[in-house]
Amino acid sequence: MKIALVSPKGNFLSNNKNFREFWEESQQLQFYKRFWSGLSTGLLIVGALTPKKIKVELIDENVESIDFNKDYDLVALSTMTQQATRTYEIADEFRRRHVKVAIGGIHPTVFPEEAKGHCDSVIIGEAEEIWTQFIKDFSKGSIQSFYSSSRPANLEQSPMPRYSLLRPEDYRIVWTQTTRGCPYNCEFCVASKIFGTKFRHKSIKQVIREVKCIKSIFKNSWIGFGDDNMFVNRKYASELAKNLIPLKIRWMTQTDISIAEDENLLKLLKKSGCYILFIGFESLSKRSLGSIDKSKFKVKRLHKYRSYIKRIQNAGIGVMGAFMLGFDYDNISVFKRTADFIIDNHLYAAQITVLTPLPGTQLRQRLQQQNRLLSLGWDNYTFWDVTFTPKKMSIGQLQQGLLDVYKSVYSKDVLLENDRYFKKIYKRIN
C-alpha cells in the first residue's frame, strides 16, 4: 500500500497586484520571508501514526509539484482555509483517477460537509485520536465518510513527527510543537475552537527528543515552536528552557505579551537559544482590543506595550509583533499610528495583516449576521486581502493602507536603524 500525504500550495500572499509586487521586490522583507515558511507538524504526525509496512510519501506543494500519474492507494490532504480551493482541486483530480482521498486540517474540521463533497473521508479534529482507526478501516476497504475525535489528544502519547519525510534542503525553519490549547478565546481566532481552551503539553523528554531529531536531520535550520501560546504554564516553560540550553539551538515561538512580566524566564529563554518571540499585539486601540475577548487580557496590558517590548528586547530577544487592521473602530488614521508604533519601538520584525473572518470564529459569525462578508473564494483568505466590508473606511482604503504600513516599516532606513539598535543591545549583554 502506498499513501501520499499532501500539503497543498498555499496562497500566502495577497491577491492584490501592488502588494505582491512590493513583497516580491523588497530586499528589506528577507527576514520575514525566511520565517514565514516551513511545514506544520500535522502531516508529519499522520506519517508517524501510519504503520511502517505502509509506504508513505510526503508532498509539500510549496516546494515541489504533484505527479498525478503516480500509483497511490490513498491521498491524504491537510488544509487551512486559504489552501482549501487548491485542496479541492487536487482531491477532485485524484478521485477522477479512482484514488481514494481523505481531507483533514482546520478548515474541514470547521466545514466537514463542504470538504466531503471532494473526498471519501473527512478527518475532523486532531489526528492522534482518529488516524489509526481510519487506516485500519481503509485496509479493510470499509472507510466511513467522517472520522471525528471525541476528546482532546493526550500530547504525552503523541508520536514524534516523522521528520525523515522532509527534504532538509527545502526548509530554513523546521517546526515542532510543545503545547496545544489557549485560554484566551479571541473573537478572530479559531485555535480555541479546534484545540480547546485547556492548556495541554508534551513531556519535557518528548520535546528534547524531537529537537535532537531535528538537529540530526536539518543541520542549518532554525527550530520553530508552533504553539499558539507557548508560555501559559510558566513552570513548564522554565523547565523546558533549562533543558534546551545544552542543545545550543536557535529558535523562535509564539506567546503573549505577559512574558515580559517574568524576567527570570526571559533570561532562561535567551540562554536556551530563543532569538525571536512572535507576539500578537493585534491593535493599539483600547476599544478594538476590548472587543476581542471577554477577559480583556490584551486591553489590560495596552498601556504597558512599550515598556514590555523594551524589556523583552533588552534581554536580547527580538519581538516580532503581529497587528491587524480593519477593526470596527479603525479609521484611516490606524495606518500611520501602527507604522509609527512599530518603528518607534524598534520591533525586530512585524506582521501586519487585515482582520480576517476565518470559518469557525466568532468574528465570522458576527459579520455574517451583519451581512458584511464579501462573496469571495477561500483563496482570498490570505490575511492580506480584504474579505469583509469595513465600518469606517472603504475596502480600497484598507487594502492600500496595509501596503503603506509595510512600505514604512520595511524601508531601508528603518531596517538600518534597527540594526544599530540591536547591535547596542547585543554588545551590552554578550
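The values are calculated or read from the model by the stated rules, or taken from the named source; none is laboratory data. Remember, it's a predicted structure, so these values are computed and weren't measured experimentally. Here Cβ is always computed from backbone atoms with ideal geometry, including for glycine, and neighbour counts include all displayed protein chains. These accessible areas exclude ligands, DNA and RNA; they are computed on the full protein's heavy atoms, side chains included. Shrake-Rupley method; radii C 1.70, N 1.55, O 1.52, S 1.80 Å.
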Lys, Arg +1 and Asp, Glu -1 on Cβ, resulting dipole of region 249-326 about Cα centre, debye, nearest 20: 220
Heavy atoms of residue 426 accessible to a 1.4 Å probe, total area in Å² rounded to 10: 60
Solvent-accessible area of residue 341 with every protein chain in place, 1.4 Å probe, in Å² to the nearest 10: 10
Quotient of Cα Rg and 2.2 N^0.38 Å for region 156-221, N being how many residues it contains: 1.34
Stokes-Einstein diffusion coefficient of region 273-430, Kirkwood radius over Cα pairs, 4 °C, 1.567 mPa s, in µm²/s: 77
For the chain, cysteines whose Cβ has no other cysteine Cβ within reach (under 4.7 Å): 119, 182, 213, 274
Average Cα contact separation per residue, region 311-374, under 8 Å, 6 or more apart, as relative contact order %: 36
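I'd like the FRET efficiency for residue 370 and residue 13, computed as 1/(1 + (r/R0)^6) with the beta carbon distance as r and R0 of 30 Å, rounded to 0.05.
That gives a FRET efficiency of 0.60.
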Residue with peak Gaussian network fluctuation, the chain [Cα springs, cutoff 10 Å], from 280, 321, 290: 290
Cα principal axis extents for region 178-302, largest first, Å: 47, 29, 26
Accessible area in the full protein assembly, largest first, 1.4 Å probe, for 31, 388: 31, 388
Partners for residue 55 among lysines (Cα-Cα distance below 27 Å; same-chain residues under 8 apart left out): 2, 9, 70, 100, 116, 136, 140, 212, 215, 219
Selection from 253, 389, 371 lying farthest towards where the dipole of region 246-398 points positive, charges on Cβ: 253
Estimated D of region 90-169 in µm² per second, where Rh is the Kirkwood radius over Cα pairs and Stokes-Einstein applies at 37 °C, 0.692 mPa s: 237
Heavy-atom accessible area ranking, 1.4 Å probe, most first, across 169, 156, 282: 169, 156, 282
Which of 312, 322, 352, positive extreme of dipole for region 305-370 (C-beta unit charges): 312
Region 219-371, accessible area per residue, ligands and nucleic acids excluded (1.4 Å, Å²): 40
Equivalent ellipsoid, the chain (semi-axes from 5 times Cα gyration tensor eigenvalues, Å): 34, 27, 20
Those GluC sites (Glu not before Pro) in region 10-104 that DSSP places in a loop and that have at most 13 other beta carbons within 10 Å: 64
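For region 7-104, give the percent of accessible area contributed by carbon and sulfur heavy atoms, probe 1.4 Å, rounded to a whole number.
Accessible surface attributable to carbon and sulfur in region 7-104 totals 47 percent.
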Region 1-91 pair-distance distribution - Cα-Cα, 10 Å bins, rounded %: 14, 40, 29, 13, 4
Rg/Rh ratio calculated on Cα atoms of region 284-325 (Kirkwood radius): 1.02
Rule-of-thumb Rg ratio for region 214-366 [Cα; 2.2 N^0.38 Å; N residues]: 1.11
Two-decimal Rg/Rh across region 198-246, once Rg and the Kirkwood Rh are taken from alpha-carbon atoms: 0.97
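Run the numbers on the chain and let me know its relative contact order in percent, using alpha-carbon pairs under 8 Å that are six or more apart. Each step should come with its number before you reach the end.
Values: 758 pairs, mean separation 63.3, N = 430.
After rounding, I find 15 percent.
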Exposure ranking of 119, 189 by accessible area [1.4 Å probe, largest first]: 189, 119
Spread of Cα-to-Cα distances over 10 Å intervals beginning at zero, given as percent, for region 226-281: 25, 64, 11, 0
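Using only the Cα atoms, work out Rg/Rh for region 348-395, with Rh taken as the Kirkwood radius, to two decimals.
A ratio of 0.99.
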Kirkwood hydrodynamic radius (C-alpha pairs) into Stokes-Einstein, region 134-244, 20 °C and 1.002 mPa s, D in µm²/s: 133
Distant alpha-carbon pairs in region 298-380 (separation over 18 angstrom), percent: 55
Helix-only CD estimate at 222 nm, as mean residue ellipticity for the chain, using -39500 (n - 2.57) per DSSP H run (n ≥ 4): -11000 deg cm²/dmol
